Amino acid sequence: MAFKSEFKGAIMNRGLTKFLSLFIFDKEKKQAFRIKHDAIERLRQRLSNERGRINALEYNLGMLAFKVLPHISVDYLHGLNANQVSNLEEHKQNVEALKANLEEESLYNLNKILNTIEKIKYSKIFLPENFYTEEEFQAYKAHVDMEYEIQDYDEYIQYKNFKLPKSPRAHFYSNVFVDQNGLQVLKTLEKMEENAVIIDGGGYVLDSALIFREFCPHNKIISFEPVKDIYALGQKTIQLNNLHNIVYENMALGDRNSEQAIEVREYGCSTLCTNKVNGDASTQQCKTVCLDDYVKKYNLKVGLIKTDVEGFEQQLLDGAINTIKEQKPILLISIYHNYHDFYKIKPWLESLNLGYKFNFFIRTITFSAKCYGFNVFGHLG
């Protein structure tokens, strides 16, 4: 009986030992699996991060292949450094005039621009990590991500609820649809009266007009686009987006009423500054009008003037001087195209003594043709 009991006990102990061995083995197996699973998750996260970086690099390389290299932001920034003036002292005076009378936030933005210009002075290749803070890099990623949100249809392309005609010359520029031309930070926009018109100088295919409609749905928009085939695309934009309360003029704004030669570039942007004709450009004649004469002819009340006319900003403003003096509209001016516009337009407007306050808005750096831009806002109060 004792032998049977011992034998039974031995069997039970052996079974328990086997059970415990299996349990320990199973526990170790689960732990090993968990370690592997965590490692896989870390690798998956790393892969996701790298995929975002690869997407950004692919986008940059794609834009390089898009024949915009002679006109990309790096060239704009090279054109804003001190070697554009006869001596360094003159450049320092221009910088001080630009900084004068700015509020803290605007001065901070301007210093960021000046620091970037200094960084890129000797650069020929743009790499985001060399120029961005972490916060700016996240903003940059929003521009890259936009490219993957654009839907392609037979007759048009679409980003969110915006549609543009399908054409090699019609593009969703991220500075317009992501940065929204800086309108989201323009606090005085809400003070603009509903019967005041918005002047859109450099209308392109009415991309900016689509954004103005979002912010100012009750204000009439008058958009000026001198290039005939671009103007035709803009007509399609009106139909695709059911745009109302808009006047679209096939002419340019300048400092005189005349016929002028315009440089038409292959990838979409055009300019009346024809001092150098690029390899991908041709010229055509276009009608140019002074905004002052146009405003007087149609008895317009002007609430906002936006300019993005590829370096012809000063001439446009010269032709709008009376409208600016008499009506004091909000001014949204692209000043990144050349040295004069960047350093001289803001002091020139200040010299009119109209009580304008000025703020700088930085567009995010991307490798698009109208990329590293900065607008200066002029507004009252």
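The values are calculated or read from the model by the stated rules, or taken from the named source; none is laboratory data. Because the structure is a prediction, the values reported are computed rather than measured. All Cβ positions, glycine included, derive from the backbone under ideal geometry; neighbour counts span all protein chains shown.
Side notes on the structure shown:
- Check on Gln158, part of a strand (DSSP E or B) and either within 17 Å of the chain's Cα centre (by Cα) or not aliphatic (A, V, I, L, M) (or both): yes
- Residue in region 178-187 that is assigned to a strand (DSSP E or B), touching a Leu at 6+ places or on another chain (Cβ under 8 Å) and either farther than 22 Å from Phe361 by Cβ or in the same structural domain as Lys328 (by TED's automatic domain parsing) (or both) present: no
- Tally of residues being outside any loop (DSSP other than H, G, I, E, B) and either exposed (fewer than 13 other Cβ atoms within 10 Å of the Cβ) or touching a helix residue (DSSP H, G or I) at 6+ places or on another chain (Cβ under 9 Å) (or both) across region 229-246: 6
- Of all residues making up region 208-228, the number that are under 22 Å from Asp145 (Cβ atoms) and either part of a loop (DSSP other than H, G, I, E, B) or among the basic types (Lys, Arg) (or both): 0
- Residue in region 351-361 that is in the same structural domain as Val95 (by TED's automatic domain parsing), farther than 28 Å from Glu194 by Cβ, modelled with pLDDT of 90 or more and part of a helix (DSSP H, G or I) present: no
- Sole exception among (1) farther than 15 Å from Ile333 by Cα; (2) touching a residue at least 12 places away in the same chain (Cβ under 8 Å); (3) assigned to a strand (DSSP E or B) for Val205, by number: (3)
- Near pairs, Cβ below 6 angstrom, 6+ apart or cross-chain, from region 284-296 (closer than 15 Å to Phe312 by Cβ) to any residue that is among the hydroxyl-bearing types (Ser, Thr, Tyr) and assigned to a strand (DSSP E or B): Thr288/Ser258
Conditions tested, residue by residue: (1) of a type outside the set (Gly, Ala, Ser); (2) under 22 Å from the mean Cα position of the chain (by Cα); (3) at pLDDT 95 or above; (4) buried (at least 21 other Cβ atoms within 10 Å of the Cβ).
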position: Pro165; (1), (2), (3), (4): yes, yes, yes, no
position: Gln180; (1), (2), (3), (4): yes, yes, no, no
position: Gln184; (1), (2), (3), (4): yes, yes, no, no
position: Ser208; (1), (2), (3), (4): no, yes, yes, yes
position: Ile221; (1), (2), (3), (4): yes, yes, yes, yes
position: Glu259; (1), (2), (3), (4): yes, no, no, no
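- Scanning region 319-336 for residues that are in contact with a strand residue (DSSP E or B) (Cβ under 8 Å, 6 or more places away or on another chain) and more than 16 Å from Thr116 (Cβ to Cβ) turns up Gly319, Ala320, Thr323, Ile324, Gln327, Lys328, Pro329, Ile330, Leu331, Leu332, Ile333, Ser334.
- Condition met for Lys297 (in a helix (DSSP H, G or I) and either over 30 Å from Val178 (Cα atoms) or hydrophobic (A, V, I, L, M, F, W, C) (or both)): yes
- Of all the residues in region 186-206, those that are among the small types (Gly, Ala, Ser) and surrounded by fewer than 24 Cβ atoms within 10 Å (Cβ to Cβ) number 1.
- Long-range neighbours under 6 Å by Cβ, at least six apart or interchain, first residue surrounded by 17 or more Cβ atoms within 10 Å (Cβ to Cβ) within region 340-359, second small (Gly, Ala, Ser) and in a strand (DSSP E or B): Leu349/Gly378; Tyr356/Gly378; Phe358/Gly378
- Among (1) within 18 Å of Tyr336 (Cα to Cα); (2) at pLDDT 80 or above - the single one Glu105 does not satisfy: (1)
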